[in-house]
Amino acid sequence: MASMDDVELRETVESILGQGIRMLDVEKKTTFKSEEVLLINGVAVPLVGADGDIIRQALLSGQVPPSDVLNSLLISAGIWRHPVRLQTELTVKQTTLNRDAITVSRNGRVVDERLKETKEEDLLRKTSTEVWRAVAGPDSGGWVMLFEASFGWRCLENPEKKSGYVLLRVEFDGSLRDGTTTTKKGKENCQDDAEIGFRVCAWGGSTRLPTRQQTCSRHCSSLPQTPKSPGSMGIEGSSTSSSSSETVDDSGSEPDNSLVFQDNNLVSGPLDALLQHLVPTAEYYPDRTYIFAFLLSSRLYIKPHALLAQVVRLCMLQQNLADQKLTKEKLGRFCPHMVQLLSEWMETFPYDFRDERVMQHVRQLTQRCVALDPSLRRDVSQMLHNLLHRLTALEKYEEFLEKINTEASAALIDTLNVCDVTEVCSSPLTLSQQLTHIELERLSFIGPEEFVQAFAKENPNVETSFKDMKKTRNLESYIQWFNRLSYFVATQVCSNVKKKQRIKVIEYWIEVARECFNIGNFNSLMAIIAGLNMSPVSRLKKTWHKVQSAKFSILEHQMDPSSNFSSYRSTLKAAMWRSAGAKDERQRIVVPFFSLLVKDLYFLNEGCANRLPNGHINFEKFWQLAKQVTEFMTWKQVTCPFEKHPKVIHYLQTGTILSENGIALSSFDCEPPENSHEKERFKALK
């Protein structure tokens, strides 16, 4: 009960009913509620019973829980193998709820009731990372265990505002043979790392600590690593301990398998730890953005078939899938999670599954999952059906490309025999729409992995080679289409001997380019500009003098390469903004200038392929590459809404184009050489 003389309460009542009110009854209640959540390798473990109390008290006091309790937890979490990597996190959330209830009575009747609640939350988070591994085998008379642990506190008065915390690293090795535990002491050496704002400390090993000047925004989170061969071992310890300055050789220590985070974003890690982060369990499923980023760029370090083989191996060992007595109940949601991972892989990178080595692993894993959980049979069947449909469509498209490329090659000549494009399609708007049909169709068949594999093919420093994989050349074919369109435009201009007709054709293509700009088809726009700027076309001064070129100058400015295509990049952002909020399919179209996109992605690939000084993979670059490729994936999924004219589309892809020399000769036929350089060029061509 609160005092009747409580000033705050009296002011509250008087603000409601005015001065001179007498308070009959005042009641204030305060409720305290605490919640504890323990995560072991990402798995929530309830802190119940005596074991829960022991673990809670140990972690809150910065101590390691007893070995028998650890054994029990490791068994229940399914990670009772060596080396055991145990990451624990305890979050204590304290909520203070102040509730003020005000009852106002007049003449014996309650005339008003008010309730005021004030809620305060304090969040205390404790993390610990432990590694138990064998440093001697059974033949030596017993197991010698090396334990590494890092503990960290975060005290958050406001859960949204993080404060710094310190990680400590303690190591000791204990021999079970003599029943004693020997503490290992290492000399602490610290140095400041000004670039990343961490203090690097070596105390029998290295770990990163935040400086006073910067709140720690990165934290290392060790992932559980499955051993190369199945096995299990208990963790035992002794209650007695003695001090020793004896140094233990770290040359045989386990490799660094920690992931580094900054502001809750993964920024780096070794390949093994990143791969482990991809593998689902019964309780854990990786974030979809991580799946895409890792599958996209990891091929710079490991081929898809080898990656899937590692996933299968980890699943077999972690879940003990080879056990014939294994049941669906024991696995929980592992099988559905595994099928979901394969489904997402097939959805985003279907061309990986053209490799028979990949499909062997798919069959092995899906057959085992269906055997354990027959309800997944329909999902697996649908997944494989969708994959077959996409790969069949790809094969048909490749056959189509081969056919039209053959026709186009036959139409590549040095002499004049060219059909005027205005006779095939008189409307610049219609032609721009048919160009957009071609662009979007070709874009739709480019797999995101082709950007990475094209880089890997040209970079000798990349660790993987794709020579033994079936080629997918949609990216190269698309670039060839750009070149073909440029030559097609130049051919159309220079094949007209009459100046009046040349002027008409140039203005026609300028209008087509303007319509492409309005549509958002920047690739065709740039190809047309490139064709009109080819030397045999641009030298036709008498022709250009009569052309209404104001529109062309505006388009050239939009695609100006100066300042790294800054004008185009601004226009592209505007088109993306329009596309994002568009309800009309026509406004959703964004066809980027593809050669520049490839160039941008090439430099990002370089960052992905270069490891950090500590040997980690730079996952920040993975995220950046994935972001840009995701934008491309959005663009290529747009369906072209314009009416299709197959005759025009076929003509654009197979119509006659002159060779470079043929275009030059035709240009000189239109307007004779004027200077010594042109005369020498003309003489060499004859």
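The values are calculated or read from the model by the stated rules, or taken from the named source; none is laboratory data. This is a predicted model, so every value here is computed, not measured. With ideal geometry, Cβ positions are generated from the backbone for all residues, glycine too; neighbour counts draw on all protein chains shown.
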Problem set entry | Check on E674, surrounded by fewer than 18 Cβ atoms within 10 Å (Cβ to Cβ), closer than 30 Å to F603 by Cα and of a type outside the set (G, A, S) | no
Exercise. How many residues does the stretch 579-603 hold that are farther than 18 Å from L440 by Cα and small (G, A, S)?
Worked result: 1
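Where in the stretch 326-389 are there helices (runs of 4 or more DSSP H), lying wholly inside it, with at least 3 residues that are closer than 29 Å to Q637 by Cα?
Details: elements: 328-331, 334-348, 356-372.
Helices (runs of 4 or more DSSP H) meeting the threshold: 334-348, 356-372.
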Exercise. So which residues in the stretch 553-609 are loosely packed, with under 15 Cβ neighbours inside 10 Å and in contact with a strand residue (DSSP E or B) (Cβ under 7 Å, 6 or more places away or on another chain)?
Worked result: G607
Exercise. When residues of the stretch 373-413 are filtered for being more than 30 Å from V489 (Cα to Cα), crowded, with 17+ Cβ neighbours inside 10 Å and among the hydrophobic types (A, V, I, L, M, F, W, C), how many remain?
Worked result: 5
Exercise. If you take the residues in the stretch 417-461 that are modelled with pLDDT under 90 and in a loop (DSSP other than H, G, I, E, B), which one is surrounded by the fewest Cβ atoms within 10 Å (Cβ to Cβ)?
Worked result: P460
For this session: Might you let me know whether the stretch 381-398 holds any residue that is more than 15 Å from P350 (Cα to Cα), at pLDDT 90 or above and assigned by TED's automatic domain parsing to the domain that holds H337?
Result: yes
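Which residues, counting only those in the stretch 572-586, are part of a helix (DSSP H, G or I) and without any contact (Cβ under 8 Å) to a residue 24 or more places away in the chain? Reasoning before the result, please.
In the first step, residues of the stretch 572-586 are kept if they are part of a helix (DSSP H, G or I); the result is 572-580, 585-586.
Hits for the stretch 572-586 are K573, A574, W577, A580.
Condition check ((1) at pLDDT 50 or above; (2) surrounded by 17 or more Cβ atoms within 10 Å (Cβ to Cβ)) across all residues:
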residue: Q225; (1), (2): no, yes
residue: T247; (1), (2): no, no
residue: D263; (1), (2): yes, no
residue: V267; (1), (2): yes, yes
residue: E283; (1), (2): yes, no
residue: F292; (1), (2): yes, yes
For this session: Could you check, for the stretch 566-579, whether at least one of its residues is among the charged types (D, E, K, R) and farther than 24 Å from Y478 by Cα?
Result: yes
Exercise. Quick one: which helices (runs of 4 or more DSSP H) sit completely within the stretch 496-571 and have at least 2 residues that are within 31 Å of the chain's Cα centre (by Cα) and at negative phi?
Worked result: 499-519, 522-532
